[in-house]
Amino acid sequence: MLMQGFAGFMSLLSIALILFSGFALLDAATRREDGYRAADKQTKPFWLIILGIAFVVNLIFPILSFLPIIGLIATIVYMVDVRPALRGLPGGGRSRRGGSSSDGPYGPYNGGR
């Protein structure tokens, strides 16, 4: 009975780790590439590769091995260091999709009003 509970807990922890690394990967993919340079962090391809590897490792290996723990550390570094720096940039570091044609480099142009 105790072993079944431990196995269930570990499977839930594994799923949570997969979701956490997947969220970080999607978040990194939606940020603008120049935002990484503006925030003085590593490049976007670097973080996409690291977080992609962490996601795949979490899918393949059991949670008690050392590779998912290394992936978890990389994901935590992205979430607590890189992501807040990107969010602090004007526009939140997100890709500009569907922006107005009157948007300038410092925000929307309002015609001098």
_out of contact with any strand residue (DSSP E or B) (no Cβ under 9 Å at 6 or more places or on another chain) and either at pLDDT below 90 or not hydrophobic (A, V, I, L, M, F, W, C) (or both): which single residue out of 29, 38 fits that description?_
38
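In region 16-30, how many residues are more than 18 Å from residue 53 (Cβ to Cβ) and either hydroxyl-bearing (Ser, Thr, Tyr) or buried (at least 18 other Cβ atoms within 10 Å of the Cβ) (or both)? Spell out how you get there, then give the answer.
As a first pass, look at region 16-30 and keep what is more than 18 Å from residue 53 (Cβ to Cβ): 16, 30.
Those left that are additionally either hydroxyl-bearing (Ser, Thr, Tyr) or buried (at least 18 other Cβ atoms within 10 Å of the Cβ) (or both): 30.
Total meeting the criteria: 1.
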*State yes or no: is residue 26 out of contact with any Ser or Thr (no Cβ under 7 Å at 6 or more places or on another chain) and in a loop (DSSP other than H, G, I, E, B)?*
no
_So for region 59-72 (the condition being in a helix (DSSP H, G or I) and touching a strand residue (DSSP E or B) at 6+ places or on another chain (Cβ under 7 Å)), does at least one residue qualify?_
no
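Is it true that residue 83 is of a type in the set (Lys, Arg), surrounded by 12 or more Cβ atoms within 10 Å (Cβ to Cβ) and at pLDDT 90 or above? If you could, list the steps in order and put the result at the bottom.
On the way: of a type in the set (Lys, Arg): yes; surrounded by 12 or more Cβ atoms within 10 Å (Cβ to Cβ): yes; at pLDDT 90 or above: yes.
So residue 83 fits the description; yes.
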*asked:* Which numbered condition in (1) within 13 Å of the chain's Cα centre (by Cα); (2) open to solvent by 50 Å² or more (accessible area, probe 1.4 Å) is the only one that residue 2 fails?
replied: (1)
*Out of curiosity, is residue 13 closer than 18 Å to residue 87 by Cβ, open to solvent by 50 Å² or more (accessible area, probe 1.4 Å) and either touching a residue at least 40 places away in the same chain (Cβ under 8 Å) or out of contact with any His (no Cβ under 8 Å at 6 or more places or on another chain) (or both)?*
no
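The values are calculated or read from the model by the stated rules, or taken from the named source; none is laboratory data. Everything numeric here is computed off the predicted structure, so don't read it as measured data. Heads up, the Cβs are rebuilt from the backbone with ideal geometry, glycines too, and the neighbour counts pull from every protein chain shown. Ligands, DNA and RNA are stripped out before the accessible areas are found, and what is left, the full protein with its side chains, is counted by its heavy atoms. Shrake-Rupley method; radii C 1.70, N 1.55, O 1.52, S 1.80 Å.
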